[in-house]
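Have a look at the structure below before the remarks.
The values are calculated or read from the model by the stated rules, or taken from the named source; none is laboratory data. What you are looking at is a predicted structure, and each value in this text was computed from that prediction instead of being measured. Cβ: placed from backbone, ideal geometry, glycine included. Neighbour counts: every protein chain shown. Accessible surface is based on the protein model in full, side chains and every heavy atom, while ligands, DNA and RNA are left aside. Shrake-Rupley method; radii C 1.70, N 1.55, O 1.52, S 1.80 Å.
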Amino acid sequence: MNRNPHLNELGEFLKARRAEVSPSEVGLRGGQRRRVSGLRREEVALLAAISTEYYTRIEQGRLQASAPLLDEIAQVLRLNDDQRTYLFDLAAKERLRPPTSGDRQQVDTQLQRMLDDLTASPAFVIGRCTDILGWNQLAAALWTDFGRYPEQERVFVRLLFTEPWMRELYADWEEVTRLAIAQLRMESARYPGDQRLTALVEELSARDAQFREWWTAHDVAMRGKGVKKLRHPAVGELTLDWNTLTCGTDPDQHIIVWNAEPGSPSHDGLRLLASWAADQKRTASDTVT
């Protein structure tokens with residue numbers, strides 16, 4: 001019998017989260033010898049007030065669980081908000097039509113104009129599969145001119161693994177990369193069967209053992225906000241805040257805007273970078289003319 005791949009993924013996700021919860025966290029006695037890390041299936045079933053067989057069928061992808069039961073299991077496994085969203089997206093009976101392999105999003109003129117007007121803050125637009133869809137001059141100075149990459153290679157998570165300069169730029173490269181993978185897996189629940197996402201995962205899994213390990217950890221996260229430390233070759237170390245805005249005409253396009261605390265060395269560094277980028281642009285223009 002062919003099983004629903006998303007129920008299989010749901011089961012793998014529950015298994016991964018179950019391994020992260022210790023018996024003591026949920027008021028159970030762990031005992032001396034345990035063959036599995038975290039909770040056993042029968043312990044999850046006990047706490048969710050269902051039979052072990054019933055829970056096992058859910059975890060094996062052989063059963064569609066009801067929303068109230070999933071809510072109970074989410075509480076047992078102490079899922080956070082992002083993990084709960086992912087769980088219910090996977091379990092949803094109504095599915096969005098997946099984009100085709102050639103269905104690449106585009107940034108419209110108004111959005112690109114807004115990016116260009118952000119002269120003091122690096123900003124780029126990220127789409128499905130972490131495609132880099134648009135960027136401003138300061139983003140090109142901070143990362144790279146993404147336009148020099150073919151569209152199919154202009155993918156943020158891919159660049160993290162394929163470009164040495166990305167590893168040099170991010171002081172916390174592993175944290176950044178694991179977050180990007182968690183966001184990509186979060187997206188996979190919304191677009192089941194996306195051919196481009198599947199191809200991307202297959203490519204990076206074949207290319208890099210770390211990607212395989214982190215992808216199979218089934219961690220998930222939504223795009224939000226945070227702080228990152230970067231080491232730029234022209235202006236040195238920068239500590240930047242980042243925040244996510246959602247495009248009003250396409251909720252699958254997210255505008256990531258970066259800035260620094262006013263008066264901080266990083267704020268001065270961004271101003272210096274903006275001046276350096278402007279000089280580079282003028283030099284290139286003079287060379288062409």
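Computed quantities for the displayed model
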{"item": "Tally of residues being farther than 19 Å from HIS6 by Cα and touching a Leu at 6+ places or on another chain (Cβ under 8 Å) across region 53-76", "result": "1"}
{"item": "Complete set of residues in region 153-184 that are over 12 Å from the mean Cα position of the chain (by Cα), more than 26 Å from MET114 (Cβ to Cβ) and open to solvent by 50 Å² or more (accessible area, probe 1.4 Å)", "result": "PRO164, TRP165, ARG167, GLU168, ALA171, GLU174"}
{"item": "Qualifying positions in region 102-143 - under 19 Å from MET166 (Cβ atoms) and either of a type in the set (D, E, K, R) or part of a helix (DSSP H, G or I) (or both)", "result": "CYS129, THR130, ASP131, LEU138, ALA139, ALA140, ALA141, LEU142"}
{"item": "Hits in region 252-278 (condition: more than 20 Å from GLY224 (Cβ to Cβ), among the aliphatic types (A, V, I, L, M) and touching a helix residue (DSSP H, G or I) at 6+ places or on another chain (Cβ under 7 Å))", "result": "LEU273, ALA274, ALA277"}
{"item": "Subset of region 230-247 [open to solvent by 80 Å² or more (accessible area, probe 1.4 Å) and either part of a strand (DSSP E or B) or under 15 Å from TRP258 (Cα atoms) (or both)]", "result": "ARG231, GLU237, LEU245, THR246"}
{"item": "In region 1-28, residue surrounded by the most Cβ atoms within 10 Å (Cβ to Cβ) [restricted to those that are farther than 19 Å from ARG185 by Cα and modelled with pLDDT of 75 or more]", "result": "VAL21"}
{"item": "Unmet requirement for ARG223, which otherwise passes all of (1) without any contact (Cβ under 8 Å) to a residue 24 or more places away in the chain; (2) under 21 Å from the mean Cα position of the chain (by Cα); (3) surrounded by 14 or more Cβ atoms within 10 Å (Cβ to Cβ)", "result": "(1)"}
{"item": "Which numbered condition PRO251 fails, given (1) part of a helix (DSSP H, G or I); (2) over 21 Å from GLU175 (Cβ atoms); (3) not small (Gly, Ala, Ser)", "result": "(1)"}
{"item": "Region 181-213, residues that are more than 21 Å from ILE126 (Cα to Cα) and either assigned to a helix (DSSP H, G or I) or touching a strand residue (DSSP E or B) at 6+ places or on another chain (Cβ under 8 Å) (or both)", "result": "SER205, ALA206, ARG207, ALA209, GLN210, ARG212, GLU213"}
